[in-house]
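Below is one structure; the comments refer to it alone.
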Amino acid sequence: MKVLLVKPSFPYPYSRGEFTYNRIFPPLDLANCAAVLESAGHKVKILDAHALRIKPEKIKKSAGGFDKIFVTSSALDRWQCPNIDISPFLDAVNYLREANHELYVTGYHGTAEPEAMLQTTKARAVILGEPEYSVLDICSKNDLSSARGICYKDGDKVVMTAKQAPVEMDKLPVPAFHLLDFNRYSYEILGRRLSLFEISRGCRFNCSFCNKVMYGDGLRVKSKEQIMLEVSTAVEKYRVKSAYFMDLDFLSDKKTAEELCDYLIEKEYKFQWSCQARADLLDEAMLGKMKNSGCRIIHLGVESGTQGLLDGINKGITVEKMKKAVRMCKEAGIKTLAFYLFGLPDETKAHRKKAFSFMRELDTDFISLHRVIPYKGSRIKQAGYQCQEDIDRFIRGAMLRYYLRPSYLFRLNPFVFFRGLKLLWGRINSLLKP
C-alpha cells in the first residue's frame, strides 16, 4: 500500500493572534508513523508542506497516486501547545480530500474533539491520541472497525473503536529519517540540519495549565540503547548537526538523560542540542555533563515571578529554585530561554509588573511570553481570561522593553541579533489587531 503522511503549512513564524511559534521542525510523529508502516511492508512518503512552504491550494498536486493519506493538525512539537486557528490545516484537508477520499486526520484537535473534527473535515476517520499504532491498524486491517483508537462514521452513526494501547517507546523503530530533508530544518538560536528526538513521553508532574491530551497518563521512557541508536543514526548517516529533545521534561528520567550525555561525550560528535527541563531537577554535575555533551540552550518553564500564582497552578516549584537554576546554567555556560504565562487565575496588573521585574532579574538569554490558553484536557480555571487585549498589550510591551535594552543588545551575537529581529517583529505583529 502507498501511504502519504502530510504536515500542512502554517504561517511562519507566527499565526496572527496566536501564541504558538510555527517553527520549521521535522514532523517526528510522521517519521515514527512512516517507520512503523515501512516495517510492515508499506511504501510511504512524507510531505512536509510547512517546511516546503506549500500553500493549501497547491498541496493537491502532490497528493495523487496514494492509497491512503494521513494529515496532522499538530505535529509532535505542537502536541502540548497546538494552534488555535487551524484554518490552514482545514484548507489543506479540503484540497487533499479532492485528491483522495481515503483521507484520515491525526493530531490534538481530533483527539480533543473527535466528532466535531470528523464532521468538519469529512475525513474517513479521526485518530485519537498517539498516531503510530492506529495509522498501522488503518493500513493493515480489513475494515475500520478493527482499527483501535479511531472515530469514524458508519452511515449516520458515529463509531468510537476500542482505545489504542499506549505506544511502547522501545518498540518504535528508528524514525524514518531518510524521508526528511534536514536541510529544511533549523532552530534560529541553535543551528541548522536539526532533528527532533524523544527520550520519553508524558510527565510525572501535574501542572494545571499543561495540555497532555496527546500523551496520556504517566511517563514512558526509551531505553538508553534505543535513544543512542536514534541519535547516532541521525548524526552519522544523515549528517544532523543540531537537535531539540522534544520531551516535556528532559530530566524526567535523570539516569537515562545522564547516560545519553555520557554517550555523546564519548562519541565527540560535532553536534549541539537543546531541551526543556524543570528548574528544580537541574544540578551543577548534570549541567556540566549536558554542556560537555553539546547542550547549548535549556528551555525553562518559569511561568511567573509570584510564588502564589505558581502554587495556584500546581507548579510545585519555588521562585528561589528558578533563580538558582538560571544562575547554575550561566555558570555552566549554557544559554537559557524562559517561558512565562500571563492570564493566570487571580493574576492582576501588579503581578504582571512584578513578572517583568523578575524577567530582568533572571536575565535569561531569551524569553517566550504567552497568554494562558485553556486547552481542552488541561485543568486551568477560566478566571483571568477577561482582559485578553490588556494581556496582549502587556506582552508586546514587555518583549520590546526586554529585547531592546542596550545591555542586552550589546552582548548579543550579531548572527542571532539579525535573525532574532525578524522573529521579534513577527511575534509583535501577530499580536496586533488585523
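The values are calculated or read from the model by the stated rules, or taken from the named source; none is laboratory data. For clarity, every value in this text was computed on a predicted model and none was experimentally measured. Neighbour counts run over all protein chains shown; Cβ positions are idealised from the backbone, glycine included.
A few notes on this one:
- Residue match in segment 199-208 (condition: assigned to a loop (DSSP other than H, G, I, E, B), touching a Ser or Thr at 6+ places or on another chain (Cβ under 8 Å) and small (Gly, Ala, Ser)): yes
- The residues listed here are Val126, Val174; of these, the one that is in contact with a strand residue (DSSP E or B) (Cβ under 9 Å, 6 or more places away or on another chain), of a type outside the set (S, T, N, Q) and either assigned to a loop (DSSP other than H, G, I, E, B) or outside the structural domain of Arg239 (by TED's automatic domain parsing) (or both) is Val126.
- Residue match in segment 70-79 (condition: under 20 Å from the mean Cα position of the chain (by Cα), of a type in the set (Ser, Thr, Tyr) and part of a helix (DSSP H, G or I)): no
- So Ile86, is it farther than 19 Å from Val135 by Cβ, among the β-branched types (Val, Ile, Thr) and over 14 Å from the mean Cα position of the chain (by Cα): yes
- Among the candidates Val240, Val231, the residue that is within 22 Å of Ala75 (Cα to Cα), outside any loop (DSSP other than H, G, I, E, B) and at pLDDT 95 or above is uniquely Val231.
- Test result for Asn32, part of a helix (DSSP H, G or I) and either farther than 21 Å from Asp156 by Cα or among the aromatic types (Phe, Trp, Tyr) (or both): yes
- Residues being assigned to a strand (DSSP E or B) and either of a type in the set (Val, Ile, Thr) or free of Cβ contacts under 8 Å to residues at least 40 places away in the same chain (or both) - total across segment 35-69: 3
- Test for Lys335: is it surrounded by fewer than 16 Cβ atoms within 10 Å (Cβ to Cβ) and outside the structural domain of Glu18 (by TED's automatic domain parsing): no
- Residue that is farthest from the chain's Cα centre (by Cα), among those in segment 337-374 that are more than 13 Å from Leu309 (Cα to Cα) and among the small types (Gly, Ala, Ser): Ser357
- Pairs with Cβ under 7 Å, 6+ apart, first in segment 132-153 and of a type in the set (Asp, Glu), second in a loop (DSSP other than H, G, I, E, B): Glu132/Val167; Glu132/Leu172; Asp137/Ala147; Asp137/Arg148
- Filtering segment 330-382 to residues that are hydrophobic (A, V, I, L, M, F, W, C) and in contact with a Lys or Arg (Cβ under 6 Å, 6 or more places away or on another chain) leaves Ala332, Ile334, Phe342.
- Exactly one residue among Ser195, Ser145 is closer than 20 Å to Phe70 by Cα, of a type in the set (Gly, Ala, Ser) and outside any loop (DSSP other than H, G, I, E, B), and that residue is Ser145.
- Segment 177-218 - residue that is basic (Lys, Arg) and in contact with a Lys or Arg (Cβ under 8 Å, 6 or more places away or on another chain) and, of those, surrounded by the most Cβ atoms within 10 Å (Cβ to Cβ): Arg201
Per-residue answers, yes or no, for (1) surrounded by 21 or more Cβ atoms within 10 Å (Cβ to Cβ); (2) within 30 Å of Leu337 (Cα to Cα); (3) touching a Gly at 6+ places or on another chain (Cβ under 6 Å):
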{"residue": "Leu47", "(1), (2), (3)": "yes, no, no"}
{"residue": "Ile59", "(1), (2), (3)": "yes, no, no"}
{"residue": "Ser62", "(1), (2), (3)": "no, no, no"}
{"residue": "Leu76", "(1), (2), (3)": "yes, yes, no"}
{"residue": "Gln80", "(1), (2), (3)": "yes, yes, no"}
{"residue": "Ile86", "(1), (2), (3)": "yes, yes, no"}
{"residue": "Arg97", "(1), (2), (3)": "no, no, no"}
{"residue": "His101", "(1), (2), (3)": "no, no, no"}
{"residue": "Val105", "(1), (2), (3)": "yes, no, no"}
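- In this structure, Val159 does not satisfy being surrounded by 19 or more Cβ atoms within 10 Å (Cβ to Cβ) and in contact with a Phe, Trp or Tyr (Cβ under 7 Å, 6 or more places away or on another chain).
- Counted residues, segment 274-289 - those being touching a residue at least 24 places away in the same chain (Cβ under 8 Å) and farther than 19 Å from Gln80 by Cβ: 8
- Matching option when the condition is closer than 28 Å to Val105 by Cβ and either among the β-branched types (Val, Ile, Thr) or surrounded by 18 or more Cβ atoms within 10 Å (Cβ to Cβ) (or both), among Val174, Val235: Val174
- Residues in segment 241-266 that are surrounded by fewer than 17 Cβ atoms within 10 Å (Cβ to Cβ) and of a type outside the set (Asp, Glu): Lys254, Lys255, Ile265.
- Among the numbered conditions (1) touching a His at 6+ places or on another chain (Cβ under 9 Å); (2) crowded, with 19+ Cβ neighbours inside 10 Å, the only one that Ala116 does not meet is (2).
- Residue pairs meeting the criteria (Cβ under 8 Å; at least 6 apart or on separate chains; first free of Cβ contacts under 8 Å to residues at least 24 places away in the same chain, in segment 362-380; second small (Gly, Ala, Ser)): none
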